[in-house]
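What follows is one structure encoded as structure tokens, with my remarks underneath.
The values are calculated or read from the model by the stated rules, or taken from the named source; none is laboratory data. Remember, predicted model here, so these are calculated numbers, not experimental data. Methodologically, a virtual Cβ is constructed for each residue, glycine included, from the backbone with ideal geometry; neighbour enumeration extends over all protein chains shown. Calculation scope for accessible area: heavy atoms of the full protein, side chains included, ligands and nucleic acids excluded. Shrake-Rupley method; radii C 1.70, N 1.55, O 1.52, S 1.80 Å.
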Amino acid sequence: MNKKIWPQVSKCTYPTCLLQDNIPEYCMTAFQQADTHALNTACRVAQVNHLYTTQIRMQTRLFDGDLIKAYLLSEISSRHPVAQALPTMAAEAYAFSNIHSLSEATGYPRETVRRKILQMIESGWVTRLDNGGLLVNHEKQASYHQILLAQASLITQTAAKLDRLRSTTITAGT
């Protein structure tokens, strides 16, 4: 039986290149050649997918892989972030998230949202106000903000890579 040796199609180091600060120079050189639009597009899609999955992993690790809880915490955190960050402000004066508004915003059944929120309150991630409003617990805010800032850094890095790939496509197309 003859084993067929597959030819090396490219020098692509996927997925290693996704973890690098910059796109390897040999990739950039290859993308400047004619007929590499599909490869460039594939690389850009891989960059966006890497960003998306990394963000999801970072969020769901907080809740043992529970994507719904991660999504709910993000929804809660995104509403009135300044008021949430300053515990001295009169929190009751703000219309924070509640179970009904979270159900409406996420499309999850109200009972699912209620059950998940109760679990998040028990685990210390969420605080319920007297008016039913929900906040990210002040004791957990700093660690959650660190995750969000790490994600912001990844977004910036990915945007720079995408911009460089886009400019290579424009250069190759002219």
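Taking Leu149 and the conditions (1) without any contact (Cβ under 8 Å) to a residue 24 or more places away in the chain; (2) closer than 30 Å to Cys43 by Cβ; (3) in contact with a Lys or Arg (Cβ under 7 Å, 6 or more places away or on another chain); (4) of a type in the set (A, V, I, L, M, F, W, C), which numbered condition does it fall short on, given that it satisfies the others?
Tallying (1) without any contact (Cβ under 8 Å) to a residue 24 or more places away in the chain; (2) closer than 30 Å to Cys43 by Cβ; (3) in contact with a Lys or Arg (Cβ under 7 Å, 6 or more places away or on another chain); (4) of a type in the set (A, V, I, L, M, F, W, C), Leu149 fails exactly one: (3).
So Thr53 ticks every box in (1) at pLDDT 90 or above; (2) out of contact with any helix residue (DSSP H, G or I) (no Cβ under 9 Å at 6 or more places or on another chain); (3) among the hydroxyl-bearing types (Ser, Thr, Tyr) but one. Which box is left unticked?
(1)
Of everything in region 123-143, what is modelled with pLDDT of 85 or more, out of contact with any Phe, Trp or Tyr (no Cβ under 7 Å at 6 or more places or on another chain) and among the polar types (S, T, N, Q)? Give them in sequence order.
The answer is Ser123, Thr127, Gln141, Ser143.
Using the structure shown, decide if Gln146 is modelled with pLDDT of 85 or more and open to solvent by 70 Å² or more (accessible area, probe 1.4 Å).
Values: modelled with pLDDT of 85 or more: yes; open to solvent by 70 Å² or more (accessible area, probe 1.4 Å): yes.
Here the answer is yes, as Gln146 does meet what is asked.
Please state which of the following conditions Leu154 fails to meet, knowing it meets all the rest: (1) under 22 Å from the mean Cα position of the chain (by Cα); (2) surrounded by 14 or more Cβ atoms within 10 Å (Cβ to Cβ); (3) under 19 Å from Arg79 (Cα atoms).
Evaluating Leu154 over (1) under 22 Å from the mean Cα position of the chain (by Cα); (2) surrounded by 14 or more Cβ atoms within 10 Å (Cβ to Cβ); (3) under 19 Å from Arg79 (Cα atoms) leaves (3) as the failure.
Among the residues that make up region 92-102, is at least one of them surrounded by fewer than 15 Cβ atoms within 10 Å (Cβ to Cβ) and modelled with pLDDT of 85 or more? Before you say what the answer is, go through the steps one by one.
Start the filter on region 92-102 by keeping residues that are surrounded by fewer than 15 Cβ atoms within 10 Å (Cβ to Cβ), which leaves 92-93, 95, 100.
Checking which are modelled with pLDDT of 85 or more leaves us with 100.
Yes - at least one qualifying residue is present in region 92-102.
It is to be established whether one or more residues within region 105-112 are in a helix (DSSP H, G or I), closer than 24 Å to Thr53 by Cβ and either open to solvent by less than 30 Å² (accessible area, probe 1.4 Å) or of a type in the set (Ser, Thr, Tyr) (or both).
The answer is yes, given that some residue of region 105-112 is in a helix (DSSP H, G or I), closer than 24 Å to Thr53 by Cβ and either open to solvent by less than 30 Å² (accessible area, probe 1.4 Å) or of a type in the set (Ser, Thr, Tyr) (or both).
Could we say that Lys69 is at pLDDT 90 or above and open to solvent by less than 60 Å² (accessible area, probe 1.4 Å) here?
Values: at pLDDT 90 or above: yes; open to solvent by less than 60 Å² (accessible area, probe 1.4 Å): yes.
Against the criterion (at pLDDT 90 or above and open to solvent by less than 60 Å² (accessible area, probe 1.4 Å)), Lys69 qualifies.
Name the pairs: first residue in region 49-62 and among the hydroxyl-bearing types (Ser, Thr, Tyr), second residue open to solvent by 30 Å² or more (accessible area, probe 1.4 Å), Cβ to Cβ under 6 Å, at least 6 apart or on different chains?
Cβ pairs passing all conditions: Thr60/Leu67.
Taking only pairs six or more apart or across chains, which ones have beta-carbon atoms under 7 Å, a first residue in region 117-130 that is part of a loop (DSSP other than H, G, I, E, B), and a second residue that is surrounded by 13 or more Cβ atoms within 10 Å (Cβ to Cβ) and among the aromatic types (Phe, Trp, Tyr)?
From region 117-130, the pairs are Leu129/Phe96.
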